[in-house]
Each structure stands twice: as C-alpha cells, then as structure tokens.
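Only the coordinates and a few stated rules stand behind these numbers; no lab work does. No experiment lies behind these values; they were computed from the predicted model shown. Cβ placement follows ideal geometry from the backbone for every residue including glycine, while neighbour counts extend to all protein chains displayed.
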Amino acid sequence: MYKGGYTSKILRVNLTNKTSKEEALPLQTAKDFIGGAGFGIKFLFDEVRGGVDPLGPDNKLIFASGPFSGTTIPCASRMAVTAKSPLTNAVGVALVGGYFPVELKYAGYDVLIIEGKAETPTYLWIKDGKVQFRSAKKVWGMKTTDCQQIIKNELNDQNVRIACIGPAGENLCKLACIINELRAAGRKGLGAVMGSKNLKAIAIRGSGEIAVADRDKYKTARDNFAKLMKESPVLYPQFSKIGTPMVVDHACAIGIFPTKNFSATGEYAPVDKIGVEAQLTRNVGSEHCYGCPVGCSQVKVAKTGVYEGIMAEGPEYETFFSFGGQTGVENIDAIIAADRLADELGLDTISAGVTIGFAMELYEKGILTDKETGGLKLNFGNDEAMLTLLRLMAYREGIGALLADGTKAAAKKIGKSSEKYAIHIKGLELPAYDVRGAKAHGLNFATAYTGADHNRGYAFQEIFGIPIPNEVDRFSAEGKGKLTKWNQDVRTATCDAPTMCAFLLDMAVAAQATQNTADLMQAVTGLNFSAEQVQTVGERINNLARGFNAREGFCRSDDTLPERLMMEPIKEGASKGQFISKDDLRKMLDEYYTERGWDLDTGTPKREKLTQLGLSYVADALKL
C-alpha cells in the first residue's frame, strides 16, 4: 500500500481508438525502479517488442515523474520521457523540468503512456482524471510558444501546463524534441515519436496533492538536504547567478571545450566572445522550475544587429557549445537567437548544432559544395547560415532534408568518407565535452544506454576535480571502468528516477547522494531504502536498459567512439596530446564489463547478474 509520494496510478491513452483508462501502479515496480527513467524503461522493455519501428504506432511514449515531484522537496519537478529512439533505435530517455512534471502528479498520475496513432492532428486535454481528445488542426504547423498560448486560450486557463512539438516534430525530423514552457525533453528524437502519432500537444491541469508518509522524518530529511545545498561553495554563490554557461570558461581552461566539429579543441577557445563575462552582458533575469530555490536558467536578450531584442531562456552550456564552439560562431547574439529558434521549431540544440558543425567541416573540405547546399556558404563562423540551416532542417527543405536526421544518417547518404567526421555514438551526437581529455567521461559516452549522453554518468570527478568516491587522473584509463559504473548507477538512482535535478549531485550532495535519496524516500513514501539499495536501483535500471538494447541487436562493437577521438590527439591547450586510443578503450571496456557482470565478448548482461537484480525475465527474453 502506498503511504505517500506516489499517486499509485498510470494513465494509458490510446490515440488510435481514442480511449483512455487508469491502471494501478504495482507497488513492486515502485520499490524496484523508484520512478522517472526507471518507470519509463520498465514499461518500454515490457510493452514495446523488439524490432518495432520507432516512428510506427507500436512504439510508446512514456511520461513519468518521480515520488518527490509535487512535494516541497526543492529541485524535484522533473520527469523522464521515454520511447524507442528513432535517432538510435536504442532506449531513448530525455529528462526535463519546469512545471509540467508536477502538474502530471497533481492531475493524479505517476505515469502517462501514449499508444497508437491519431487519425488527424490531435492534442490531449487531461484534467483531474478526465481525458479529452481535441482537434489540433488549428495549432498544427505552429511553433511551440504560439501553440501553447493558443491552447491555453482555447481552454480558458493560463495555468494549464503544456508539452508540445514544433514543426520539426511534425515533419518527423529525428533531431526533434518535446517542449514544455521553454524547457526541452531534448535528445534522442522523441519529438519525432510524438509527431509520428499525430499528437501535437498534451495539456494538463490538476488540483490534487501529494501525501508524505512521515512528516517528522520528512522535515529532518528535507532540512538536511537544504543544508547541503546551502553549504555548497558553488550552488548559490555562482550557479544560481550564472547557470550551466559558467562551464564554458572552465572547459576551455582544462582544454576540453570542443570546437569546429572537434577538430580545433584547445586551439580555438572563444572565451572572450562567449564566456561568462560576455554572457553577463546579456542577462536580464532568471527562471525557476517549480519549487526550485536556485533558478539556474538565465534569461538572455540579444542586443546587436539583426538579432537585437530576441530573448531566450538560456542558452545553456551545451548550447553555447553546439551553436558556438562547434560551429565557430562567436556572435553571442546569434547564439541566443539560434537557441530561441531551435526551441520554437522543437529541435534538440545539441544534435542540431553538432550536425551543422559536421556539415560546415564537410563544406570546408569540399565534400559538400554549393550545389548540395543550394548556395549556402557553410563556413565555420557563418551565423546566418547556421540559423538558415535550423529552419531548413525543421521543415526538411533543401540541404536541411539531408541533415534532418543527424550526422550518422547524413554521412551514410553523403558518402565520400564523410563518416569519419560524423561525431556521434550509436547515432546520438556528442555533447559539449571533448572526452580525449576526460577518459571516464568518454567511457560513459561509449557505454550509456542512450548513446553519447552527458546526463547518464557524468564524470564530475574529471570535469570539476571532485574527489568522490575517489580522486582521479582524467588523462588515465586506469580504474575508469569501475568509476563509470558508479557514476551511471548513482546518477540514475538519485537523479533520473526520484526525479531530481542532476546539478545537485555534482555541486551539493555528491558525498551523500545515495543516503540523501534513501532518507527522502523513507520520509516521503514510507518505503525502506538503504543507501546501498538505492544504488542497486540504479544498477537494475541500467541493466534493464542494456537488455532492451541487446534485444535490438546492440553489442560490444557499438560501445565505441568517433574515429577522430581515437586517432587524432588534441593539438593545443591544457589537454594537448590527449586521445583515447583503441587500446585504452578496450581496457576500459573490459574493466567496465567485468564490474557490471556483463559478457566480455558481447557486452550483454549475464543471466547471473540479471537474476541477482530480479530481472530473470529479461534473461529469458534474451535467451541467455
């Protein structure tokens, strides 16, 4: 029996039949997977059979918040959106904050599962247990801000929370994301999954409350958590004022800020143009997710040229990389404008920017010519071309049609050895870290169940020098298998599942992360967890995700890195001479698989490990 934290209900919506029904959330599922990404991956494995077309009606789109969302625990208004990714054909999980995650809980649901495909453009209106299927013809084709405002007007409620897609999702661009407010469930092409279902938006409103199992324990656990946040030397003094873009300066200083399609890392480090000093000249305020006292999202406004007056919530660090360093664009106002345009079109800024940088390198090498680009001059630093390409990609027009599905798909079509310049893993473009100078971070990118994803097992030990659980040498391959397993399991269990903002793990609670989650779980839900049991939940989720990918045909050979990162040392800067050799990767993978209890040859979890984690049915499905 649930005592708190959970609503104990799943809402299942079938767009094909225009039906909806409520189901009980099994208590054992809550104990084994906690919530968020854990729930998403559990239902994905159980309900989406192997080989399903990610853009077909049999794929499912799963929204799941965690037991802390809707309480007064700070930084817990987050959710995981899960589906089979059309970009990678692997597990696709995207995390997002804002207000929608809490509203889902207040409306009465821990999980929302979307099935089938609507016959015509549709949006869902969910209010306190009532579901309506409404025509989206009026908003089909609209950008995300206009779409949300029109739906709010139509429902006569400005406090409705909405998750929607833009033109990119409608056009099944595999780089498309899902936007709520201006927060993005950004990666793995989940906006295309939503578009493939003819689902333009989900509008939600609730008046419920989330119970807490033990008020005394809750006050103690919450106070301890707040104390850790206040004691952080970074969280409030710096992060709340600058947000993630503060990492631009740091990444450049340690020589891992990728530039010009990872070809000029260390050589080209435009801190003076797009670093913190320049950023602060554009800040006009900040935005908070529900219940967050930090407010890390900095609102910026462009001040010069054709971009003057354009305002964006961000750009975040990743976007300063993807629309700045990666493309060689130094105009901070152009980066702000590109960030806002991507949000309006519903494009993942990371994959979109990396794909544009890839095209720019091909253009400069003569692999792409004016004939293919339609006369667009795709030189590094051309901000006008960058914004033009975003529009073309979202609408699948001209050269944009070639690039709309990311670097892997584009390279396959282009040929001419272009694949060696495609910076992706399993089809997912790399984020803003040149892992040649941070080897555990690189191993995480290679092994994460989503492909290259900094949100899975972020190696804060290497990036920020935080010696937890131990001090590391970021240039060494030794011990990185064990460290990567720890990072992936702990981050999954303490951030992706409960659901919590991952920045807190890095900056405030790293030393007590699993104990902090255990204390909060006991207080909120009444379920007894030790710190060790919390970490085991993370291990269980990662093994289940690996099982899904193994069923899709992924194996050890897919746990690799782009050729450039294994063959070309960084030429200048604090990480000069560094690269991840094939031998380094082999050694790290062997250690990682051994620590995980996975087969060294295939990278598939062994039956013994799956059984130990209560996942013997996964071993049966994989015929192990």
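Just a few scattered comments:
- Charging the Cβ of each Asp and Glu at -1 and of each Lys and Arg at +1, and nothing else, the dipole of the chain about its Cα centre rounds to 1300 debye.
- Exposure proxy order (Cβ contacts within 10 Å, fewest to most) of K84, K230: K230, K84
- Net length gained if the chain between E209 and E608 were fully extended (0.36 nm per residue, minus Cα distance): 139.5 nm
- The Cα trace of the range 116-163 gives Rg and Dmax of 10.8, 29 Å, the first to one decimal, the second as a whole number.
- Put in line by how crowded their Cβ is, counting other Cβ atoms within 10 Å and starting with the fewest, I151, I541 read I151, I541.
- Summarised as an ellipsoid, the range 172-234 has semi-axes of 37, 19, 9 Å, derived from the eigenvalues of the Cα gyration tensor scaled by 5 and square-rooted, with the largest first.
- Anisotropy class of the range 398-481 from Cα gyration tensor, a/c 1.5 cut: prolate
- Here, the range 283-340 yields an orientationally averaged convex hull projection of 4.0 nm² when only Cα atoms define the hull.
- Spacing of the two label points (7 Å from each Cα toward its C-beta) at K241 and E397, in nm: 4.4
- Entry note: the range 9-205 has Rg to Rh equal to 0.93, where both radii use alpha-carbon atoms and Rh is the Kirkwood radius.
- Cα-based convex hull, the range 245-423, per residue volume (Å³, whole number): 114
- FRET efficiency for the pair E552 and D473, taken as 1/(1 + (r/R0)^6) with r the Cβ-Cβ distance and R0 = 35 Å, rounds to 0.50.
- Reference-scaled alpha-carbon Rg (2.2 N^0.38 Å with N residues) for the range 257-317: 1.35
- With the simple spin-label model, which puts each label point 7 Å out from Cα in the Cβ direction, the R586 to D370 separation comes to 4.8 nm.
- Sorted largest first, extent of the chain alpha carbons per principal axis (Å): 64, 56, 51
- The range 108-248, Rg to Rh (Cα coordinates; Rh as Kirkwood inverse mean 1/r): 1.08
- Taking amide H positions as modeled 1.01 Å from N, with prolines and chain starts lacking one, the residues under 5 Å from T265 and 5 or more places away or on another chain are T259.
- Added length on full extension, which subtracts the Cα-Cα distance from 0.36 nm per residue, K138 to S530: 136.0 nm
- Shown here: the range 459-609, whose C-alpha atoms stretch 52, 38, 21 Å along the first, second and third principal axes, sorted largest to smallest.
- All Cα pairs of the range 568-624, percent lying beyond 15 Å: 60
- Taking 12 Å as the cut-off, no amide N atom of the range 33-71 comes nearer than this to a point 7 Å along the Cα-to-beta-carbon line of N159.
- Across the range 419-436, coupling constants 3J(HN,Hα) worked out from phi with the 6.51/-1.76/1.60 Karplus curve, θ = phi - 60°, read 4, 6, 9, 7, 9, 8, 10, 6, x, 9, 5, 6, x, 7, 9, 7, 6, 4 Hz, and Gly and Pro carry x.
- Rg then Dmax, both in Å and based on the Cα atoms of the range 1-72: 13.5, 41.
- Total formal charge among the other residues, if their Cβ is under 14 angstrom from that of T82, Lys/Arg +1 and Asp/Glu -1: +1
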